[in-house]
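The values are calculated or read from the model by the stated rules, or taken from the named source; none is laboratory data. None of these values were measured; they are calculated from a predicted model. Cβ atoms come from the backbone with ideal geometry, glycine included; neighbour counts cover every protein chain shown.
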Amino acid sequence: MDHEVLRPMASSRPAAPLSGRIAVPGDKSISHRALMFGALAVGETRITGLLTGEDVLRTAAAMRALGAEVTHDPDGTWRVAGRGVGGLTEPANVLDMGNSGTAARLLCGILASHPIFSVMTGDASLRRRPMRRVTDPLTATGARFVSRAGGLLPLAIEGAREALPLEYRVPVPSAQVKSAVLLAGLNARGTTRVEEPEATRDHTENMLRHFGATVQVETAGAGRVITLRGQPELRAADVVVPGDPSSASFPLVAALLVPGSSVTILSVGLNPLRTGLLLTLQEMGAAVAVTNPRVEGGEPVGDLVVTAGALRGVEVPPERAPTMIDEYPVLAVAAAGAIGTTRMRGLKELRVKESDRLAGTATMLSENGIRVEIDGDDLIVHGTGAGAAPAGGAPVGGAMVRTELDHRIAMPALVLGLITEQPVRIDDAGIINTSFPGFAALMGQLGATMVDI
């Protein structure tokens, strides 16, 4: 859905420190995959904790359109009656993936190896995002893709009649590209092999095993080689979706920056290929403790206890980017409240997200009085020390931030408003529902001031 009616919102300094215990919505990456694997499995998969943001609801609708039965029980449980690998049926209408690049790219992998015709589109933001990074390698399965110039949506897909297995080296670290190739390999006879130069989030590999596929992962330098045996019979498997670490990053950084705050965030996914932000914040001096560690559905989970305190600027190495690619905008807000300068290196991938997030993050900070520079693919933020002192040193704020249909620009801007002299406003809070429905209300439970204007 294109957001035609804007919903402006403002965030301002809270009257007291943030405090409380909250649970953030379910992990978006795992939610997408749970629905897709449930549709490709034999039997009924039960999913608890599924994120009900617009992005994931688009995936649920697409799985229904492809022949799976997807229902939502009153107690919040989702049920998926799958069709089996290779058993999806031709959709009667265009598949509209809304704002979700993850859903669109992973679904390309599934559709490439099914002998059916489909057409995929998305909202204005998704229609600007490059799809050739997945369609180029997937063409080797025997599938045909026809798109707008530059590989842009809408995209017509004619799946392979007898899909060929792939051997592919991912040119840049991308869990979406890796996952699309592996998903195509599910319905190909033989072994699919993917080599990635740097390890990226491995939710697809974990969930493939959880549903009964044969997957092997070998370390190769800084990267990994993943092999998948094609045409397994996936068996329905219940999934418990942990809290999304990307969503947890917003109350986490807010609690670190607002003096005197103490917040507990329950049941957060702690997959080591997703915890780059935690590591970076701890290097900056953040007081973040993990309690009650456990494993649920093949994924490590824990509770985060966050206490406010002074942060120091650091240099973030480029090889950490795959483990925190979605968290750089909110890390930049933490850097704005830190003492000293933070340099985040190797952020090329941010330029091809829902918006050019590298430019958007820099603009969001500079318009609110924070010194920031882009040097090649590096983002340099000169901290104000605002997070260390209850008074003084605060950035001016006061800007109206243009979100450009990007939820991960909207939420960091609202977090920034908690430490600026003047409120920070965003032009559209509606886009936040793609990943974090109820964001402002949940932050309000902790004492944050975020109101529609």
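Tabulated data for the structure shown
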| item | result |
| --- | --- |
| Residues being on the phi > 0 side of the Ramachandran plot and acidic (Asp, Glu) - total across the range 20-75 | 0 |
| Any chance Gly346 is under 20 Å from Gly393 (Cβ atoms), over 18 Å from the mean Cα position of the chain (by Cα), in the same structural domain as Ala399 (by TED's automatic domain parsing) and not in a strand (DSSP E or B) | no |
| Where Glu90 falls short, out of the listed (1) in a loop (DSSP other than H, G, I, E, B); (2) buried (at least 23 other Cβ atoms within 10 Å of the Cβ); (3) in contact with a Phe, Trp or Tyr (Cβ under 7 Å, 6 or more places away or on another chain) | (2) |
| Of residues in the range 142-178 being in a strand (DSSP E or B) and of a type in the set (D, E, K, R), the one farthest from Ala124 (Cα to Cα) | Glu167 |
| Residue in the range 185-202 that is of a type in the set (Ser, Thr, Tyr), at pLDDT 95 or above, in contact with a Phe, Trp or Tyr (Cβ under 9 Å, 6 or more places away or on another chain) and crowded, with 21+ Cβ neighbours inside 10 Å present | yes |
| Residue list for the range 352-411, restricted to those being at negative phi, in a loop (DSSP other than H, G, I, E, B) and within 25 Å of the chain's Cα centre (by Cα) | Lys353, Glu354, Ser355, Asp356, Asp377, Arg402, Thr403, Asp406 |
| Subset tally (residues that are in a strand (DSSP E or B) and of a type in the set (Lys, Arg)) for the range 6-62 | 2 |
| Filtered residues of the range 172-193 (kept if among the hydrophobic types (A, V, I, L, M, F, W, C) and closer than 16 Å to Ile110 by Cα) | Ala175, Val177, Ala180, Val181, Leu182, Leu183, Ala184, Leu186, Ala188 |
| Subset of the range 312-343 [farther than 16 Å from Val415 by Cα and in a loop (DSSP other than H, G, I, E, B)] | Gly313, Val314, Pro317, Met324, Gly340 |
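For (1) closer than 20 Å to Ser247 by Cα; (2) surrounded by fewer than 24 Cβ atoms within 10 Å (Cβ to Cβ), each residue gets a yes or a no:
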site: Ser29; (1), (2): yes, no
site: Leu35; (1), (2): yes, no
site: Gly38; (1), (2): no, no
site: Thr45; (1), (2): no, no
site: Leu50; (1), (2): yes, no
site: Thr59; (1), (2): yes, no
site: Ala62; (1), (2): no, no
site: Ala65; (1), (2): no, yes
site: Val80; (1), (2): no, no
